[in-house]
Amino acid sequence: MTEVAPPPATIRKIPRLIRERRWWLLPLALWGLLVALSLQLQVTRIGEQSVQVALEGARNMFRMVMLTRNWNASHGGVYVPVTPRTPPNLYLEHPRRDVTTTDGVALTMINPAYMTRLIGSMSAEDGGVSFHLTSLRPIQPANGADPWETRSLEAFERGVRETTAIEAGPDGPLLRYMAPLQVQESCMGCHAKQGYKVGDIRGGLSVSQHYGPIEVASRDAIRQSALAHGAAFVVVLAVGWGLLELLRRRWFELACKIAELEEAHGQLLQSEKMAAVGVLAAGVAHEINNPVGFVGSNLGTLKTYSEELVALLEACRAGRATEADFVAADFDYLKGDLAALIGESRDGLERVRKIVADLKDFARVDQAEWQEADLNAGIECTLNVVWNELKYKAEVVRAYDPSLPRVPCLPAQINQVVMNLLVNAAQAIAEHGVITLRTGHDAGWAWIEVEDSGSGMPPEVLKHIFDPFYTTKPVGKGTGLGLSISYDIVRKHGGRIEVASTLGQGSRFRVWLPVRINSRGE
């Protein structure tokens, strides 16, 4: 699809994040960072969960061994046949350690410690979990503690309830778990002579299992999580980029429509102004015709005077002129009246020049440059243009603020607002009234106020006066766009219009404009 480019001035109003694709890398980079952080957290959680599952398995094995030991201790030990795998325990001092059955079978006692050692050996041979019964003061040398077990046993004496670690083993890393063994009443038969009391920590049972299978399971889970995160990143990247492209295209289309609307609004503004100037044309022509009329009359009189003066000068050059000739030509009167005629003509022509200049300034709606304008001067310019509409309907009272600051604006558009308010004020007066023009400023704002003593407006009319095409005038007397366009002009200047009206007493419009504004009217 071909992308329609709006005008450069309109493009600059589109946010840079939408206008320039390179800025899209910022949210995409942020999304990538979030995905990476999520993956990192997931990897950490998978590792922790795998270790916790393995540790819980080790705890369960510890509990099973403890149950077995407790059962053995509660029965005072168990007897098994003497075999190479179950020889008599030389470190067990018990009067009935070895017995022989009536049929001659040799039996030896298996106490809890010996049974634990036998179970641990079988488990280690099977390649699974291994158990090691150990103590800081072992009776059996094989039950001596390795360095990690020694640190754990010392920690148990300080009140630690269990220890865990991952350590290097001969066949790979090992997950190790150890918990203390407390002296119970059933243990005193063997351990009382070592000085233990019920409740003492006499040693611990360590559980060791290969960590390799746990790592393999963790890697599989991490791989699946990485694939899921990668897929999510790619999908969101593709969808997000597509949505941004769609948004960009829609924004450019909207910018084109806005440019068209602004152009149409400008044309409407020009049309409304030209319509207003057309309505005022007859009055302006009358204002021009008056001075032009008496200037023309003065020129006729000056023609007659010049003919008489030329004849008198010719007589003087020929030497025929006498005092009687000067008296007959009424020379003294001509001399005084000539100056008066020229002065009146100059005043009339100056009046015409001013009306034409004001009309020219008033009609310049295509002026795009913002200026620091004198609002008082602009009001006077507008008054000269609409004067013929006002002078027969109202007395105009001026109450300007002499210290009014210059206001950044489009002067021709503000003049149009003033003209619309003045014409509406004159049309609201039935016979003859008063129109008061005021200006002032307050805390960064300048204001223009137009107040009339006309008929006023009821509330139901007042709430619609700024609606386009709304008018209470007869057909052909108004378009209903004057106040609507005025409202738009003031709003684009960053200002506002306040209205107060009382039925039968008149209306007051106050236009507020900011004294400081940027070059785009924002």
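The values are calculated or read from the model by the stated rules, or taken from the named source; none is laboratory data. Just so it is clear, the model here is predicted, and its values are computed rather than measured. For neighbour counting, all protein chains shown are included, and Cβ atoms are generated from backbone atoms with ideal geometry for every residue, glycine included. All accessible areas refer to the heavy atoms of the entire protein, side chains included, with ligands and DNA or RNA removed. Shrake-Rupley method; radii C 1.70, N 1.55, O 1.52, S 1.80 Å.
Quick look at the numbers
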{"item": "Full-extension gain in nm, residue 25 to residue 324, via 0.36 nm per residue minus C-alpha separation", "result": "97.2 nm"}
{"item": "Nearest-10 value in Å² for the accessible area of residue 162, using the 1.4 Å probe", "result": "70 Å²"}
{"item": "Ordering of 247-254, 423-430 by packing [mean C-beta count within 10 Å, highest first]", "result": "423-430, 247-254"}
{"item": "Net length gained if the chain between residue 220 and residue 34 were fully extended (0.36 nm per residue, minus Cα distance)", "result": "64.7 nm"}
{"item": "From phi via Karplus (6.51, -1.76, 1.60), per-residue ³J(HN,Hα) for segment 415-428 in Hz, x at Gly/Pro", "result": "4, 5, 4, 4, 4, 4, 5, 5, 5, 4, 5, 5, 6, 7"}
{"item": "Near-label residues of segment 207-243 by backbone N, under 18 Å of a point 7 Å along Cα→Cβ of residue 165", "result": "207-212"}
{"item": "Under Karplus coefficients 6.51, -1.76 and 1.60, residue-wise ³J(HN,Hα) of segment 63-70 in Hz, glycine/proline x", "result": "5, 5, 5, 5, 4, 4, 5, 5"}
{"item": "Extension gain from residue 74 to residue 259, taking 0.36 nm per residue of separation minus the Cα-Cα distance", "result": "57.1 nm"}
{"item": "Local net charge near residue 393, Cβ-Cβ under 11 Å (Lys/Arg +1, Asp/Glu -1)", "result": "-3"}
{"item": "Two-site label geometry, residue 332 and residue 398: point separation in nm, points 7 Å out along Cα→Cβ", "result": "4.1 nm"}
{"item": "Euclidean distance of C-alpha centroids, segment 21-92 and segment 221-254, integer Å", "result": "39 Å"}
{"item": "Net charge of Cβ neighbours under 15 Å - reference residue 217; Lys, Arg +1; Asp, Glu -1", "result": "-1"}
{"item": "Trypsin sites (Lys or Arg not before Pro) within segment 35-91: DSSP coil, no more than 11 neighbouring Cβ in 10 Å", "result": "85"}
{"item": "With DNA, RNA and ligands ignored, accessible area of residue 261 (1.4 Å probe; Å², nearest 10)", "result": "120 Å²"}
{"item": "Kirkwood hydrodynamic radius over Cα pairs of segment 407-476, then Stokes diffusion coefficient at 37 °C and 0.692 mPa s, in µm²/s", "result": "233 µm²/s"}
{"item": "Residue 434-residue 148 pseudo-label distance in nm [points 7 Å out on the Cα-to-Cβ vector]", "result": "10.3 nm"}
{"item": "Global form of segment 31-103, assessed from the alpha-carbon gyration tensor, a/c cut-off 1.5", "result": "prolate"}
{"item": "Accessible area expressed per residue, segment 192-260, with surrounding protein chains retained (probe 1.4 Å, Å²)", "result": "57 Å²"}
{"item": "Segment 380-475 - percent relative contact order, Cα under 8 Å, separation 6 or more", "result": "29 percent"}
